[in-house]
Amino acid sequence: MEMVNVRSVGARPAFRWFEGEKWLVLTAVLGFLLSAFCGIWTLVNGAEVAPGGNVQSAFSFNAAIGIFLLSTALIIPYSGLGRRGRAFYRYPYIALALYSYFAETVQNFRGVNPRFVKDGSAFDKGVGNIFASVALLLVVFYLFLAAQYFRRKVYAAHPELVTGIRYAMVAVMLSFAAGIWISVNQGRTVGLHGNIIWLHGLGFHALQAIPLVAWLSTRTSLSIWVRLRMIHLTGICYVLGLVFIGWQTLLGHTVLEWSTLTVAAGFCFLLSLAAGALMLRNADGLLRKMH
């Protein structure tokens, strides 16, 4: 399976998206296929499986893992890891992801909540206990990967892109923290209306949003000084938005409720979006001039 290189404009360095990560990409594709199967099943038979399974949960989980793995495979070529280092991360992570697909999909079809097993068999409890350990290992291995982007030589090779990835990694760690929070809390609900899943999901989407703005900045004719500041603005605002959402959730309020915290979060995300739109506009302008 040959991955496509994205060639740069003019004298800019070529970008090597997905390079060498065929198996991680295929594992992500498996998640999309499982999600599609669960989605079709839900449409035909409904989501609930007695006594405690929900195929819709498997649908969203598999899709989320697929997107997460695909986004990670996209940026790994810029981690500075050599062949052994990438293998050390890649293959255990694939194994952990495969187990996660199995636990979430099979158990929900069997009528069992894979995370919070109630009155289950020894098999169900065993799957749940291993699933909890797998979740922690997913965090540990991702910490190893995230640390690579904070090395000086990695930054020097692609300063704009790596700056964006650094902020994305901070956001991902907040998402992992939210996942641990859900486990400790024995559910996503906090107080009357708080829902940890907002923080959990939005943090992972930073993997697509912030590096995209960073990449767009390299397609512009702006100075590197301006590019880096726009990336910093995007990343800081995105992370602050997550912090405000987490704070609102901790207080037991929904993120859709009007409050100082939700307004602040919305303002931060709008600033991130505006920075991305500005980079897109400048990149589009450069490409128009070249044609």
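Overview of results
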{"read-out": "The chain: DSSP helices with Cα axial extent of at least 15 Å and average Kyte-Doolittle hydropathy no lower than -1.0", "value": "22-45, 55-75, 83-109, 122-148, 159-185, 206-218, 224-250, 260-290"}
{"read-out": "Förster-model FRET efficiency, 35 Å R0, A132 and S223, C-beta, rounded to 0.05", "value": "0.10"}
{"read-out": "Qualifying trypsin sites (Lys or Arg not before Pro) in the range 108-213, DSSP loop, other Cβ atoms within 10 Å at most 15", "value": "K118, R151"}
{"read-out": "For a label point 7 Å along the Cα-to-beta-carbon line of N45, residues of the range 90-112 with backbone N under 15 Å", "value": "105-112"}
{"read-out": "Rg/Rg_globular for the range 39-160, with Rg_globular taken as 2.2 N^0.38 Å and Rg from C-alpha atoms", "value": "1.30"}
{"read-out": "No Cys partner within the rule (Cβ under 4.7 Å), the chain", "value": "C38"}
{"read-out": "Under DSSP loop assignment and at most 12 Cβ neighbours within 10 Å, longest GluC sites (Glu not before Pro)-free interval of the chain", "value": "3-256"}
{"read-out": "Amide H partners (placed H, <5 Å) of N54, local residues excluded", "value": "V49"}
{"read-out": "Amide H contacts of V190 (H built 1.01 Å from N, under 5 Å, at least 5 apart or other chain)", "value": "N195, I196"}
{"read-out": "Where the chain is the region considered: accessible area per residue in Å², 1.4 Å probe", "value": "51 Å²"}
{"read-out": "Choice from Q107, Q208, Q186 with maximal GNM fluctuation in the chain (Cα, 10 Å cutoff)", "value": "Q186"}
{"read-out": "nm² value of the averaged projected area, convex hull over the Cα atoms of the range 240-280", "value": "2.7 nm²"}
{"read-out": "Positive dipole terminus of the chain, leading residue within I210, W17, C268 (C-beta point charges)", "value": "W17"}
{"read-out": "The range 227-279: chymotrypsin sites (Phe, Trp or Tyr not before Pro) in DSSP coil with no more than 14 other Cβ atoms inside 10 Å", "value": "W258"}
{"read-out": "Candidate values [x] 0.96; [y] 0.99; [z] 1.06, label of the one derived for Rg/Rh (Cα atoms, Kirkwood Rh)", "value": "[y]"}
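The values are calculated or read from the model by the stated rules, or taken from the named source; none is laboratory data. As the structure is a prediction and not an experimental result, all values here were calculated from the model. Please note: Cβ atoms are built from the backbone with ideal geometry, for glycine as well, and neighbour counts cover all protein chains shown. Surface accessibility is based on the protein's heavy atoms, side chains included, excluding ligands, DNA and RNA. Shrake-Rupley method; radii C 1.70, N 1.55, O 1.52, S 1.80 Å.
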